[in-house]
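The structure under discussion appears below in the form of structure tokens.
Rule-based calculations on the coordinates, nothing more; no lab input. Just so we're clear, the structure is a prediction, and the values are computed from it rather than from any experiment. So basically every Cβ, Gly included, is an ideal-geometry build from the backbone, and we count neighbours across all protein chains shown.
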Amino acid sequence: MKFALIAHDNKKPDMVTFVMKRLAFFNQESVEIVATGSTGKMIKDSGVDKLQTVQSGPLGGDAEIAAMVSRGEITAVIFFRDPLGKHPHEVDVSMLMRLCDVHNIPLATNLNAGEILLEYYQNLHN
């Protein structure tokens, strides 16, 4: 299972808390994580054993993850978005979300949806 973890700046602390509460899940041998630049650095610092990072979102990281989605490499995307902020790379964010829909990849865009998504995959794995 390979999960993409992305968070806008105002949501990065929420993502770190989310991951820290689920370190046992994310550190399983069967789980891989890919994250955008600064989100990935913060997640790595929280105790995740293995993590692949791509560019930060504004530098193309969202597009890199979208390409992985289109190649069938991603199991699910957890993207804590800031719906009230302006983002110069909104086009890439929209593309990523569209490709998740096109390729039927689960996408959680907030904390509660992320919790439900991971609970589903934990139950599949147990």
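For this structure, a couple of remarks:
- Charge dipole magnitude, Cβ of K and R +1, D and E -1 - the chain, Cα centre, debye nearest 20: 100
- Cα-Cα pairs of the range 37-93 separated by more than 14 Å (percent): 61
- In the elastic network of the chain, a GNM with C-alpha springs shorter than 10 Å, the most mobile of VAL48, VAL69, VAL102 is VAL102.
- Taking θ as phi - 60° and the Karplus parameters 6.51, -1.76 and 1.60, the scalar couplings of the range 47-60 work out to x, 6, 6, 10, 7, 9, 10, 10, 4, 5, x, x, 9, x Hz in sequence order, x denoting glycine and proline.
- Shown here: the chain, whose C-alpha atoms stretch 38, 29, 24 Å along the first, second and third principal axes, sorted largest to smallest.
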